[in-house]
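Notes for the one structure printed next.
What follows is calculated from the coordinates using simple rules that are stated; it is not laboratory data. Since the model is a prediction, treat every value here as computed from it, not as a measurement. Using ideal geometry, Cβ is built from the backbone for each residue, glycine included, and neighbour counts are taken over all protein chains shown.
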Amino acid sequence: MSALLEVRDVTMRFGGLVAVADLNLEVTQGHAHGIIGPNGAGKTTAFNVITGIYTPTAGDVLFRGEIISGRRPSAIARGGIARTFQNIRLFRDLTVLDNVRIAHDAHARYSWPGAMVQLPSARRAEQESIEHCTDLLEKFGLVDAAYERAGDLPYGSQRRLEIARAMALQPSLLLLDEPAAGMNSAETLKLVEFLGWLRDHFSVTMLLIEHHMQLVMTFCDRITVLDFGKTIAEGSPDEVRNDPKVIEAYLGQEDGHE
Amino acid sequence: MMRWFKQPPPRGVLLALLAAGLAACFAIEQFGLVDDYVRFVLITLGINIILCVSLNLVNGWMGEFSVGHAGFMALGAYLSACVSVKWLGWGDPLWMFPLAVMAGGLLAGAVGLLLGLLSFKTRGDYLAIITLAFLMIVKSGIENIPYVGGPRGFLGIGNHTTLLWTAVWTVLTLWAIRNLVYSRFGRGIVAVREDEIAANAMGVDTRKAKLAAFVVSSFFGGVAGALFAHQLQFINPGVFDIVKSTEILVMVYLGGIGSLGGSILGAAAFTILAQVLQPLGTWRMVILPLILVLLMLFRPRGIMGMREFPWFVPRREFPAKEDKK
């Protein structure tokens, strides 16, 4: 039980705005770790710092004990951190299969001159990528749509495809930004089941942002609560549920200003 | 890349057609089967296809906007002319000409690398302005080099661009770019266009993808320039101006972005239109842009935008046939 991901005193400032202040976070290998907090608490910013879209103003992000903050997002992704986005970011004009292949390509090794003259190694890698990604889509129940345009899929399938695409990177840590956004409670229930399958089948560690309390409380092993860029509570779902600071952040102070 | 999911051609058909086409080009050259005008138009068509498909890599597949393609043409044209006239003028065109074309392409590709590096920092309108500046630098630079004739132009280039050489280079270009587009780099290039943030998050080395696109695109732009120089036998810096770039842009957006078939179609339509409209003189340059305006209004992605003739798609990209049941 060691920390797979460690966020150490990370501060992220945009001009005068402090989006994340002294954030500390430890994600244990094998856990599903939830981040909750009111809107604007800095959850997505934290994700963007972890995945390298932003370089933190101060502090470090460590993955498997190595400092990764400051590396390029693509390098971090290839190193084993995959993510989904709050507003789905698929390659909408491409086929479902190509969406997954682009992520899978991260581990292909042939060179571009090699590709241009069709070296046997490049051909083999292409064939392998098609087979591997078709298998992956099969697991995610998307294989029938493999040659459809990703943007034409129904919303739920687009969410699933985004997760499938992230898994094609073969990550050891999966970051999910509001996977239940836009889902009703029946769909959310299904999602919990799906996430459980995902965790068991790929034995992937998860860090997820979610507003849906039921999902977080039933699915996560550990929860971090953010408010105004700061960690205000951390612990098991039960500990967090009963923490007065959490209740205050969500419901407002008892003495009634706001 | 929406595709027409019809079947690829039976194995060997494409190769047989290619061989027949090349044989026909050879026969035309050997026995003078067509008159000089038709031959000239056919060679122009080949050069235009190379220009169109190579610019399409950057402007179509990658979704950038470069207006500097005529600059790469100029680099390829002038360096190849230096090789074939001044440096290796004594050589047999049979080996000397391909060498000159390669040299032109390589110089253009090397300069394309620089432009690719700039594309890390700048995108969209800003990159368009940089490529415009690049075009002006190339043109003015050549005008100030007396060695290649300065503003008067480069005279006495051998007529080495045969129909056969043009066909060979056109096929080579289409083949290489097809292979690139249907590889991890091609998908990376398209991913940059679709969503650069997501592409990065999915491990696509967007820098490498951009560099590959710019280098390959400018290399073939230089090749086309070399063929162009040895077709006209006389080049001057004024030929490689923004109008030339615009012509290539018209071909790309007419035929369709992100499509090999569209590039051929666009180049063909443009080449034929340019000939048909010849009697109109300068009015030609009113009608061609007008077509572009209408196109942008009614079919902004071009005739074949983001679609492909199934014959240009590698066999492996088609859904596997249902064997079971």
* Please go through the residue pairs B:Lys121/B:Lys210; A:Lys43/A:Lys190; B:Lys139/B:Lys244; A:Lys139/A:Lys190 and name each one whose alpha carbons sit more than 18 Å apart in this structure. => A:Lys43/A:Lys190
* Most fluctuating residue of B:Tyr182, B:Tyr37, B:Tyr253 in a GNM of chain B with Cα springs under 10 Å: which is it? -> B:Tyr37
* **In order through the stretch A:61-68: 3J(HN,Hα) via Karplus (6.51 cos²θ - 1.76 cosθ + 1.60), integer Hz, x for Gly, Pro** => 10, 10, 10, 6, x, 9, 6, 10
* Structure fact -> Phi angles of the stretch A:118-130, converted by Karplus (6.51 cos²θ - 1.76 cosθ + 1.60, θ = phi - 60°) into ³J(HN,Hα) in whole Hz with x for Gly and Pro, give 6, 4, x, 5, 5, 4, 4, 4, 5, 4, 4, 5, 5
* To do: For the stretch B:35-244, calculate the relative contact order in percent as a whole number, restricting contacts to Cα pairs under 8 Å that are 6 or more residues apart.
  => 44 percent
* Structure fact -> Under the 7 Å Cα-to-Cβ spin-label approximation, A:Glu131 and A:Asn184 lie apart by a distance in nanometres of 4.3 nm
* Semi-axes of the equivalent ellipsoid of the stretch B:159-300: what are they in whole Å, largest first, if each equals the square root of 5 times a C-alpha gyration tensor eigenvalue? -> 30, 21, 14
* To do: Fewest Cβ neighbours within 10 Å first, please rank B:Ile291, A:Ile50 accordingly.
  => B:Ile291, A:Ile50
* Structure fact -> Taking a straight Cα-to-Cα line shorter than 14 Å from B:Lys208, and setting aside same-chain aspartates and glutamates fewer than 8 residues away, one finds A:Asp105, B:Glu196
* Asked: Once you sort the root eigenvalues of the Cα gyration tensor of the stretch A:93-168 as a ≥ b ≥ c, which label holds: rounded (a/c under 1.5), prolate (a/b larger than b/c) or oblate (the other case)?
  -> prolate
* To do: Would you grab the residues whose amide H sits under 5 Å from the one on A:Ala233? Only those 5+ places off in sequence or on another chain, please, with H modelled 1.01 Å from N.
  => A:Val225
* To do: Go ahead and collect, in residue order, the members of the stretch A:21-43 whose backbone nitrogen is under 17 Å from a label point 7 Å along the Cα-Cβ direction of A:Thr57.
  => A:21-24, A:40-43
* Asked: Among A:Gly182, A:Gly229, A:Gly42, which one shows the biggest mean-square fluctuation in a GNM of chain A, springs joining Cα atoms closer than 10 Å?
  -> A:Gly182
* Structure fact -> The answer for B:Met304, listing residues at least 5 apart or on another chain whose modeled amide H is closer than 5 Å to its amide H, is B:Gly256
* Structure fact -> Between A:Leu208 and residues 5 or more places away or on another chain, the pairs with built amide H atoms under 5 Å apart involve A:His33, A:Gly34, A:Ile35, A:Leu176
* Asked: Near B:Gly116, within a Cβ-to-Cβ distance under 14 Å, what is the net charge of the other residues, with Lys and Arg +1 and Asp and Glu -1?
  -> +3
* **Karplus-derived 3J(HN,Hα), 6.51/-1.76/1.60, for each residue of the stretch B:155-164, Hz, glycine and proline x** => 9, x, 7, x, 8, 9, 6, 7, 4, 5
* To do: May I ask for the distance between the Cα centers of the stretch A:141-208 and the stretch B:102-148, given as a whole number of Å?
  => 44 Å
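Excluding A:Ala115 itself, calculate the net charge of residues whose Cβ lies under 15 Å from the Cβ of A:Ala115, where each Lys or Arg counts +1 and each Asp or Glu counts -1.
Here the charged neighbours net out to +4.
Just in the stretch B:1-101: which trypsin sites (Lys or Arg not before Pro) are loop by DSSP and have at most 12 other Cβ atoms within 10 Å?
When the trypsin sites (Lys or Arg not before Pro) of the stretch B:1-101 are filtered for loop state and at most 12 Cβ neighbours within 10 Å, B:Lys6, B:Arg11 remain.
Sort A:Thr188, A:Thr218, A:Thr95 by Cβ crowding within 10 Å, fewest neighbours at the top.
Ordered by Cβ neighbours within 10 Å, fewest first: A:Thr218, A:Thr188, A:Thr95.
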* For the peptides B:186-192, A:114-120, B:122-128, what is the packing order when you average, over each peptide's residues, the other Cβ atoms within 10 Å and list the highest mean first? -> B:186-192, A:114-120, B:122-128
* With no solvent and one equal point scatterer per Cα, compute the Debye intensity ratio I(q)/I(0) for the protein assembly as shown at 0.05, 0.10, 0.12 Å⁻¹ and report its log10, rounded to two decimals. => -0.27, -0.89, -1.13
